[in-house]
Amino acid sequence: MTEKVKGPASYFPSIEKKYGQPMTHWFDLVKSRSGDKHMEIVSFLKTEHALGHGHANAIVAHVLNGGAK
């Protein structure tokens, strides 16, 4: 049986569908902001790329917690 995805990754299918970019695109954007704080990167994604707060927060949390290599 397939285990249900939990945490920030549970948002990824809807993020890809809504914004038309693969998750690697968003992960790379977050990585390019190294040195910025969590909420600074969330604000960047919201203002520069029109992501919703929950989606932006999920991406940033995933990357900053080592989920995207």
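The values are calculated or read from the model by the stated rules, or taken from the named source; none is laboratory data. Please read all numbers here as calculations on a predicted model, not as lab measurements. Heads up, the Cβs are rebuilt from the backbone with ideal geometry, glycines too, and the neighbour counts pull from every protein chain shown. Only protein heavy atoms, including side chains, enter the accessible area calculation; ligands, DNA and RNA are left aside. Shrake-Rupley method; radii C 1.70, N 1.55, O 1.52, S 1.80 Å.
Quick notes
- Put simply, of LYS4, LYS37 the only residue that is out of contact with any Phe, Trp or Tyr (no Cβ under 9 Å at 6 or more places or on another chain) and over 15 Å from ASN57 (Cβ atoms) is LYS4.
- Among residues of segment 1-14, those that are over 18 Å from LYS69 (Cβ atoms) and assigned to a helix (DSSP H, G or I), counted: 4
- Within segment 13-28, the set of residues being of a type in the set (D, E, K, R), free of Cβ contacts under 8 Å to residues at least 24 places away in the same chain and open to solvent by 80 Å² or more (accessible area, probe 1.4 Å) comprises LYS17, ASP28.
- If you filter segment 28-54 down to residues that are of a type in the set (Lys, Arg) and in a helix (DSSP H, G or I), you find that the one that is nearest to LEU64 (Cα to Cα) is LYS31.
- In segment 46-63, the qualifying residues are those that are crowded, with 18+ Cβ neighbours inside 10 Å and out of contact with any Gly (no Cβ under 9 Å at 6 or more places or on another chain), and the one that is nearest to TYR11 (Cα to Cα) is HIS55.
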